[in-house]
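Participant: Questions regarding the structure given below will be posed in turn.
The values are calculated or read from the model by the stated rules, or taken from the named source; none is laboratory data. Here the structure is a predicted model, which is why all the values come from computation and not from measurement. We place every Cβ from the backbone using ideal geometry, glycine too, and count neighbours over all the protein chains shown.
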Amino acid sequence: MTYMRKLILLVFCKAMLFGGLVIAFLALMAEDHIYFRGVFIGASLAGLGGYLIWTDFIAPRFGIKTWED
């Protein structure tokens, strides 16, 4: 049960990370002008997804303590 929960969490976190990066990239590459709201939203989403991947998967694998431990 725990394995499936971790797998679903990993899938959602990866989607948040890559989706946020795509949103930020598209907002930066707009033709007329840069949409800073889109850049902020995309960067926030990517940052949250990257943070969750770090604290739940990468840091425990290498034995790195986070503030949640």
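Participant: Could you run through the stretch 10-55 and say how many residues are in contact with an Asp or Glu (Cβ under 9 Å, 6 or more places away or on another chain) and buried (at least 17 other Cβ atoms within 10 Å of the Cβ)?
Facilitator: 1
Participant: If you don't mind, another one. Looking at Met16, Met4, Met29, which one is among the hydrophobic types (A, V, I, L, M, F, W, C), in contact (Cβ under 8 Å) with a residue 24 or more places away in the chain and out of contact with any Pro (no Cβ under 9 Å at 6 or more places or on another chain)? Spell out the reasoning first.
Facilitator: Working: Met4 fails: in contact (Cβ under 8 Å) with a residue 24 or more places away in the chain; Met29 fails: in contact (Cβ under 8 Å) with a residue 24 or more places away in the chain.
Within the list Met16, Met4, Met29, the selection yields Met16.
Participant: Could you look through the stretch 1-46, keep only residues that are assigned to a helix (DSSP H, G or I) and of a type in the set (Phe, Trp, Tyr), and pick out the one that is modelled with the lowest pLDDT?
Facilitator: Per the stated criteria, the residue is Tyr3.
Participant: Pro60 is checked against (1) without any contact (Cβ under 8 Å) to a residue 24 or more places away in the chain; (2) surrounded by 15 or more Cβ atoms within 10 Å (Cβ to Cβ) and fails just one. What number does that condition carry?
Facilitator: (2)
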